[in-house]
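Before any comments, here is the structure.
The values are calculated or read from the model by the stated rules, or taken from the named source; none is laboratory data. Being a predicted model, the structure only gives us computed values, none of them experimental. Note: ideal-geometry Cβ built from the backbone for every residue, glycine included; neighbour counts use all protein chains shown. Side chains are part of the model used for accessible areas, which takes the heavy atoms of the whole protein and leaves out ligands, DNA and RNA. Shrake-Rupley method; radii C 1.70, N 1.55, O 1.52, S 1.80 Å.
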Amino acid sequence: MSQEKVNIKKIKSTGQMHKIMGEYFAELKEASEKGSPKIAWCTSVGPAELLRAFGFLVYFPENHGALLGATRMATDLIPAANALGYSPDICSYLTSDVGSYIKKSTPLTKAFGMETVPRPDVLVYNTNQCRDVKDWFEFYQREFDVPVVGIDTPRGIGELTDTHLDHVTQQLKEMVPVLEKVAGHPLDEAELKRVTDLSKQCTLLWKKVLRSSEHVPSPITFFDGTIHMGPAVVLRGDERAERYYQQLLSELEQRVDQGVGAVDEEAYRLYWEGMPVWGALRDHAEQFASLRSCVVASTYCNSWVFEALAEANPFKGMARAYTELFIVRSEDYKERYITSMVRDFDIDAIIYHDAKTCPNNSNNRYGMPVRLSNRLGLPHVVVNGDLNDLRLYSEEQTRTQFEALIEQLAEHRA
Ligand code: SF4
């Protein structure tokens with residue numbers, strides 16, 4: 001199958017996204033230097049709304065981890081964390097982020113003029129995604145000598161019950177006195193309601209952005225999504241994120257109206273299950289475009305859709321939103337979810353990324369690909385790699401696997 005080099009179609013709103021991300025980091029830099037406003041570190045699917053309602057600026061180490069991966073700095077920094085006893089087998093966001101801290105080397109310097117990550121006043125985690133985030137934040141607790149608080153969420157949940165929700169809601173409420181002490185003032189319930197409402201608006205717009213790729217041809221790829229999800233991760237609950245997704249959505253709707261696809265002559269539509277390989281995003285985007293194939297949907301980008309936010313009781317809304325996530329759920333639930341995505345997005349094949357250092361986002365390890373392929377009658381491929389540690393990823397092997405998958409689809413259609 002021939003593969004010419006193609007240029008990736010640029011999304012015009014990207015400039016605006018860079019602008020608001022630049023503002024976000026400039027605010028963190030200034031606050032870190034002045035000591036005000038206070039800064040909370042939060043896990044990516046942690047209770048950001050609660051922190052913002054207190055007036056904290058919120059920083060997300062996983063976003064830094066993704067930047068370390070995308071700039072290909074991660075692989076060289078991981079050994080510094082390994083030397084402290086953090087295994088090469090655990091989360092490579094954690095090890096590359098800790099390595100970056102030890103080595104005083106961060107992509108934030110080149111991108112945003114920050115010498116280092118912003119100093120935290122409090123660290124807030126939720127183990128809904130994995131235990132690694134707790135160990136990660138406890139490393140920084142020892143370094144910065146600041147409070148760490150968190151939620152231990154039950155995992156592998158099939159049906160989400162009131163018992164689960166009450167357990168998480170209670171833990172969210174128990175954080176409040178610690179946060180009040182750090183913030184120096186009580187929680188303003190009206191502000192919490194305002195922020196969760198805003199966050200919900202952001203989520204609904206982000207979902208519309210992702211759902212635009214149900215259209216044939218799709219106006220956006222998974223690879224675009226991994227970049228444009230930045231504001232949904234770090235600025236949810238802030239008006240700028242909401243405004244940004246209105247702009248992006250209108251650009252994508254225009255593409256749909258004009259029949260413009262993200263990939264020229266889109267012939268095959270794929271689903272990506274698992275983490276991106278951050279250091280290979282561009283390669284993957286170019287290869288699929290050259291194969292006239294569009295990765296139209298993913299579990300990963302949809303992980304920042306929190307539709308349960310903004311219930312009348314904001315604590316319960318947060319508890320539900322952050323506990324009903326795909327990553328927290330049972331194998332059965334996950335298979336039902338992927339089945340519905342395959343139908344909604346008219347998917348021809350599924351790609352599973354087995355990320356060596358993230359079992360939590362690698363759903364190929366307990367038979368799911370074979371079960372789903374049998375049930376749905378779709379081919380799949382399992383790519384062995386990693387989110388950040390490129391020593392665990394073979395570019396050549398992956399290219400060949402993608403090519404073979406598309407050849408299989410082409411033969412089937414012929
Ligand atoms: S879910 Fe995976 S990538 Fe994310 S913090 Fe946990 S181990 Fe790391």
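Scanning segment 213-232 turns up at least one residue that is open to solvent by 20 Å² or more (accessible area, probe 1.4 Å), among the aliphatic types (A, V, I, L, M) and under 29 Å from Met17 (Cβ atoms).
When Ser199, Ser96, Ser105 are checked against the criterion of being touching a residue at least 40 places away in the same chain (Cβ under 8 Å), open to solvent by less than 60 Å² (accessible area, probe 1.4 Å) and farther than 26 Å from Phe306 by Cβ, Ser96 stands alone in meeting it.
Considering only segment 211-225, I want to know if a residue exists there that is of a type in the set (Ser, Thr, Tyr) and either touching a Ser or Thr at 6+ places or on another chain (Cβ under 6 Å) or closer than 19 Å to Ser44 by Cβ (or both). Give the derivation first.
Just the residues of segment 211-225 that are of a type in the set (Ser, Thr, Tyr), to begin with: 212-213, 218, 221.
Remaining after also requiring either touching a Ser or Thr at 6+ places or on another chain (Cβ under 6 Å) or closer than 19 Å to Ser44 by Cβ (or both): none.
Looking for residues that are of a type in the set (Ser, Thr, Tyr) and either touching a Ser or Thr at 6+ places or on another chain (Cβ under 6 Å) or closer than 19 Å to Ser44 by Cβ (or both), one finds none in segment 211-225, hence no.
Against the numbered list (1) open to solvent by 10 Å² or more (accessible area, probe 1.4 Å); (2) away from the ligand (no atom under 15 Å from the Cβ); (3) of a type outside the set (D, E, K, R); (4) touching a Cys at 6+ places or on another chain (Cβ under 8 Å), His18 comes up short only at (4).
Here's the yes/no breakdown for (1) over 26 Å from Phe25 (Cα atoms); (2) assigned to a helix (DSSP H, G or I); (3) open to solvent by 40 Å² or more (accessible area, probe 1.4 Å):
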site: Tyr101; (1), (2), (3): no, yes, yes
site: Thr109; (1), (2), (3): no, yes, yes
site: Pro118; (1), (2), (3): no, no, no
site: Val146; (1), (2), (3): no, no, no
site: Arg155; (1), (2), (3): yes, no, yes
site: Leu160; (1), (2), (3): yes, no, no
site: Val168; (1), (2), (3): yes, yes, no
site: Leu179; (1), (2), (3): no, yes, no
site: Val195; (1), (2), (3): no, yes, no
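Figure legend. Inter-residue proximity from segment 375-396: first residues in contact (Cβ under 8 Å) with a residue 40 or more places away in the chain, second residues of a type in the set (A, V, I, L, M) and assigned to a strand (DSSP E or B), beta-carbon distance below 6 Å, spacing 6+ or different chains. Indicated pairs: Asp386/Ala355; Leu387/Ala355.
Kindly establish whether Pro186 is touching an Asp or Glu at 6+ places or on another chain (Cβ under 6 Å), away from the ligand (no atom under 14 Å from the Cβ) and free of Cβ contacts under 8 Å to residues at least 24 places away in the same chain. Write out each step before concluding.
Details: touching an Asp or Glu at 6+ places or on another chain (Cβ under 6 Å): yes; away from the ligand (no atom under 14 Å from the Cβ): yes; free of Cβ contacts under 8 Å to residues at least 24 places away in the same chain: yes.
Yes, satisfied.
Can you spot a residue in segment 57-77 that is away from the ligand (no atom under 13 Å from the Cβ), outside any loop (DSSP other than H, G, I, E, B), over 29 Å from Phe306 (Cβ atoms) and open to solvent by less than 40 Å² (accessible area, probe 1.4 Å)? Yes, because at least one residue in segment 57-77 is away from the ligand (no atom under 13 Å from the Cβ), outside any loop (DSSP other than H, G, I, E, B), over 29 Å from Phe306 (Cβ atoms) and open to solvent by less than 40 Å² (accessible area, probe 1.4 Å). Restricting attention to segment 350-368, which residues are open to solvent by 10 Å² or more (accessible area, probe 1.4 Å) and either within 12 Å of the ligand (Cβ to nearest atom) or in contact with a strand residue (DSSP E or B) (Cβ under 9 Å, 6 or more places away or on another chain) (or both)? Residues satisfying the conditions are Asp354, Lys356, Cys358, Pro359, Asn360, Asn361, Asn363, Asn364, Arg365. Any residue that is free of Cβ contacts under 8 Å to residues at least 12 places away in the same chain, among the charged types (D, E, K, R) and more than 15 Å from the ligand (Cβ to nearest atom) - is there at least one of those in segment 131-139? No, because not a single residue in segment 131-139 is free of Cβ contacts under 8 Å to residues at least 12 places away in the same chain, among the charged types (D, E, K, R) and more than 15 Å from the ligand (Cβ to nearest atom).
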